[in-house]
Amino acid sequence: MPPGNDRRGTPETADRRGRRGRRDVLKLLGATGVAGLAGCSGNGSSSDAQNGQRSIEGSYVSASSVDAQSLNWLTIADATSGSFVTATLDGIWAIKPNREIFPLWGDYSTDDGRVYEIELRDNLQWGAGYGRMTAEDWVYMIENVFQAQPNWSGYPNANDWFRTNPESGEREPIPVEQTGELTFEIRLFEVDPSLPFKPILWRQQCIPKGILEKYVESQDSEGLQQDEELNTLAYTGNLGPYTYDTWERSARYTVSRNDDYYLRDVDDVPERFGEAPYFEQQTTRVISEESTRLGALESGEVHSAGIPPDKANRFENLPNVTVNVTPQPYLRLIVYNMRANGWEPFRSKAVRRALAFAVNKETVVQNVLRGYADVAQTMQPKWSEWYDDSEVTEFGVGDRYGPETARSRLESALSGTEYAYDGERLVDDDGEQVTLSIYYDSGQPTESTIAEFIAQEFGENAGIDVQPEAVSSSTFQSNYVQTSAPEGTDPEWTAGVFNGGPRDVATSAESWDMSINLQFNTYPFTPASSKGFFEERGGINFYGYYPEANISELYERASATTDEERRRELFGEAFGLINEEQPFGFLAMPSSVTGYAEDVRGYDEEFNTGWDSQTWYFA
């Protein structure tokens, strides 16, 4: 599936105010965006000059290797589930590749980068009889779900709606206030000119108060998760380009064109949105087997599918398929389990740094990913404006790779523990070689190759026996990513379903040591959005990482800085600290390689090309 504003006063007044606020913020950011680094345009331009060629026809079929976990977006954190929901719910606004805000359900204004007024359109209608979307829905959701303490709903991004008091160390909810039927304010504690670009608002979705209030008072998380209207998207009304039809688990997900789509009734959007969307239906077919998935693309059974790097050359020579290569924000990395059911030495920074010498990253990039990637060293791509080479130490390349350096450093890091070298093998105090697991997605042969290569490298360069284990995406998320304290235990804190408490208390259902199943978002638009990956109580910290340095505090200082150069320096320092601590085994920043049927139009070869996928069409 392609990656999926009524204002108070006169339209002219509101539009002037909204645009003024965005321009001020962009000036404070001083950002040029990342799209310019992506290369030239692809076969389908999004320009309005092509609007005359668009017609409403056909069913767009895409192929996915994995199924969604849920359609209840409050409890999901995977991209596939998110794309299923986004087809029916636009969100508050999108971001264009040139880093410009594109209003969807609403717009914002700010005079100082600290107080933001959000204004909703007046033609937004919930489904299932819940009436008009209003600011009350938003404020109720933010205060009673996102900012609920404890996080009873399990919402994984709840931390985004708090700040840590620098004096007391206590978490404080960001104040929100309804200021009109269609307006509400977010009052930050410090200036943050990048707020509109963060996931806290970028494509942020909403749920009617009428649904949530059934569960809020009793903090009924089970009821919320099982709510039929949430799980069938019955409440989506006119709020997205498509409406939910069917979901056959592990087979297909189908949505149909929304005849009441709100964007067709506004006059402040480009002409091509006037009849959007242009497909009668969209279907995502779940095809776990790679050869079958690619065969469907080649034969024309599907209109788009991701292409593994080692197969890209084959598809570039097909007349009926266009191969589109774009930068993307997801980082390929080794996640170390530092919780009680993982290998305890991973908790040591020195051990993680030593292991960074064991894997040849250039081999991963060139031989496995066939050059459709860059070597990764920290939580930001090298093409990002926030990346500072002077703060980053290279690992896994050149003379900072190999058995001698890896083993000598690992031996030193493990001094005084039960582990030592017996010849070339790392053994425990019983003389048994250390054996670790590494999990990968059973539907991704490229991941299998990477896992096998890591196992080989750890064996040859660190003396560790690594056993690759294949697991489906859904099983990995439910049995290895979700963490909780044992039944009857009352943990000191919980940050949701992916971080159920302190690492010595909350664990996943199954033990594991390493995984490459998930790729983490580096957020090149707003790098501070990855803060939760590096916080003990971060909502996505399923791996139990406790940083030695206060990385999140550096992120917060960078976000609150209006001076462009100083902000770059602070982010550079933060990524330097991440590089120093090596919380993950950074491997590569792959490009997105997608094959499209030759009659599909609308996409470009630029970062975030799917921002306007409502207007894609068949030529």
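Can you give me the three principal axis dimensions of region 111-167 from its C-alpha atoms, in Å, biggest first?
Reported extents, whole Å, longest axis first: 45, 35, 15.
Please go through region 176-244 and write out the GluC sites (Glu not before Pro) that DSSP classes as loop and that have at most 12 other C-beta atoms within 10 Å.
Details: sites: 177, 181, 185, 190, 213, 217, 222, 228, 229; in loops: 181, 190, 217.
Hits after loop and neighbour filter: 217.
Tell me which residues come under 5 Å, amide H to amide H, from residue 95 once H is placed; ignore anything under 5 positions away on its chain.
102
Can you compute 3J(HN,Hα) from phi for each residue in region 387-394, using the Karplus curve 6.51 cos²θ - 1.76 cosθ + 1.60 with θ = phi - 60°, rounded to whole Hz and x for Gly and Pro?
7, 10, 4, 5, 9, 10, 9, 7
Compare the peptides 584-594, 162-172, 259-269 by average per-residue count of other Cβ atoms within 10 angstrom and give them in order, highest first.
Working: 584-594: 23.1, 162-172: 12.0, 259-269: 16.0.
Packing order, densest peptide first, comes out as 584-594, 259-269, 162-172.
Output ³J(HN,Hα) for region 462-470: one whole-Hz value per residue in order, computed from phi by the Karplus curve 6.51 cos²θ - 1.76 cosθ + 1.60 with θ = phi - 60°, and x for Gly and Pro.
These are the phi-based 3J(HN,Hα) values: 10, x, 9, 7, 10, 10, x, 10, 8 Hz.
When the gyration tensor of region 301-347 is built from Cα positions, what are the square roots of 5 times its three eigenvalues, in whole Å, from largest to smallest? All intermediate terms of the calculation are to be shown ahead of the outcome.
Details: eigenvalues 297, 23, 20 Å².
Largest first, region 301-347 gives 39, 11, 10 Å.
How many angstrom separate the Cα center of region 73-104 from the Cα center of region 162-221?
17
Give, rounded to the nearest 20 debye, the magnitude of the charge dipole that region 516-619 has about its Cα centre when Lys and Arg contribute +1 at Cβ and Asp and Glu contribute -1 at Cβ.
Values: 7 positive and 18 negative charges, 48 e Å.
My answer is approximately 240 debye.
Just to be sure I follow the rule: in the chain, considering lysines 8 or more places apart or on different chains, how many pairs have Cα atoms under 18 Å apart?
On the way: 27/96; 27/198; 96/198; 198/531; 361/382.
Counting lysine pairs in the chain gives 5.
Tell me the Kirkwood radius of region 540-584: reciprocal of the mean inverse pair distance over distinct alpha-carbon atoms, in Å.
Numbers: mean 1/r = 0.0893 Å⁻¹.
Every distinct Cα pair counted, the radius reaches 11.2 Å.
For region 434-515, what does the equivalent ellipsoid look like in terms of its semi-axes, each the square root of 5 times an eigenvalue of the Cα gyration tensor, given largest first in whole Å?
Values: eigenvalues 161, 48, 14 Å².
Values for region 434-515, descending: 28, 16, 8 Å.
Rounded to whole Å and ordered largest first, report the semi-axes of the equivalent ellipsoid of region 119-224 derived from its Cα gyration tensor (root of 5λ).
Values: eigenvalues 111, 73, 25 Å².
Semi-axes (√(5λ), whole Å): 24, 19, 11.
Once a ≥ b ≥ c are taken as the square roots of the eigenvalues of the Cα gyration tensor of region 213-259, is the result rounded (a/c under 1.5), prolate (a/b larger than b/c) or oblate (a/b not larger than b/c)? Mind dumping the intermediate values first?
On the way: a/c = 4.85, a/b = 1.66, b/c = 2.92.
Verdict is oblate for region 213-259.
Beyond 19 Å, how much of the Cα-Cα pair distribution for region 557-619 remains, as a whole percent?
Working: 1182 of 1953 pairs.
Tail of the P(r) past 19 Å holds 61 percent of the pairs.
Inverting the mean 1/r over all pairs of different Cα atoms, compute the Kirkwood radius of the chain and quote it in Å.
Values: mean 1/r = 0.0396 Å⁻¹.
The Cα-based Kirkwood calculation yields 25.3 Å.
In whole angstrom, and with the biggest value first, how far do the Cα coordinates of region 158-301 range along each principal axis?
For region 158-301, the Cα extents along the three principal axes come out at 62, 40, 31 Å.
Can you give the Rg to Rh ratio for region 514-567, taking only C-alpha atoms and Rh from Kirkwood?
My calculation puts Rg/Rh at 1.02.
With Cβ to Cβ distances under 13 Å as the rule, what net charge do the other residues near residue 477 carry (K, R +1; D, E -1)?
-4
Amide H of residue 90: which non-local residues (sequence gap of 5 or more, or other chain) have their own amide H closer than 5 Å, using H built in the peptide plane?
240
Pop out the Kirkwood hydrodynamic radius of region 242-315 from its pairwise C-alpha distances, inverse of mean 1/r, in Å to one decimal. Present the calculation step by step, with values, prior to reporting the outcome.
On the way: mean 1/r = 0.0679 Å⁻¹.
About 14.7 Å for region 242-315.
Quick one: if you stick a label point 7 Å off each Cα along the C-beta vector at residue 330 and residue 348, how many nm between them?
Here the modelled spin labels are 3.4 nm apart.
For the chain, give the magnitude of the charge dipole about the Cα centre (Cβ charges: +1 Lys/Arg, -1 Asp/Glu; no others), in debye to the nearest 20.
It works out to roughly 1180 debye.
Express in nm, to one decimal, how much length is gained between residue 299 and residue 143 on full extension, taking 0.36 nm for each residue of separation and deducting their alpha carbon distance. Mind dumping the intermediate values first?
Details: separation 156, 0.36 × 156 = 56.16 nm, distance 5.01 nm.
The span from residue 299 to residue 143 would gain 51.2 nm if fully extended.
Taking the Cα atoms of region 303-461 alone, what are Rg (to one decimal) and Dmax (as a whole number) in Å?
18.3, 62
Per residue of region 116-125, what does 6.51 cos²θ - 1.76 cosθ + 1.60 with θ = phi - 60° give for ³J(HN,Hα)? Whole Hz please, x for Gly and Pro, Karplus curve as stated.
10, 9, 9, 10, 8, 5, 9, 10, 8, 10
Would you mind calculating the gained length between residue 187 and residue 228 on full extension (0.36 nm times residue separation, minus the Cα-Cα distance), in nm to one decimal? List each step's numbers first, then the result.
Values: separation 41, 0.36 × 41 = 14.76 nm, distance 3.39 nm.
Roughly 11.4 nm would be gained on extension.
Where the accessible area of the chain is counted over protein heavy atoms with a 1.4 Å probe, how much of it, in %, is carbon and sulfur? Show your work: numbers first, answer last.
Working: 9590 of 23350 Å².
Carbon plus sulfur share of accessible area: 41 percent.
Report Rg/Rh for region 474-544, rounded to two decimals, where Rg is the Cα radius of gyration and Rh the Kirkwood radius. Mind dumping the intermediate values first?
Details: Rg = 12.7 Å, Rh = 12.8 Å.
Ratio of gyration radius to Kirkwood radius for region 474-544: 0.99.
Using a cut-off of under 18 Å, list every residue of region 294-309 whose amide N is near the label point 7 Å from the Cα of residue 470 along the Cα-to-beta-carbon line.
Label zone hits: 294-295, 308-309.
The values are calculated or read from the model by the stated rules, or taken from the named source; none is laboratory data. What you see is a predicted model; the values in this text were computed from it and never measured. As a convention, Cβ positions derive from the backbone with ideal geometry for all residues, glycine included, and neighbour counts pool all protein chains shown. Accessible surface is based on the protein model in full, side chains and every heavy atom, while ligands, DNA and RNA are left aside. Shrake-Rupley method; radii C 1.70, N 1.55, O 1.52, S 1.80 Å.
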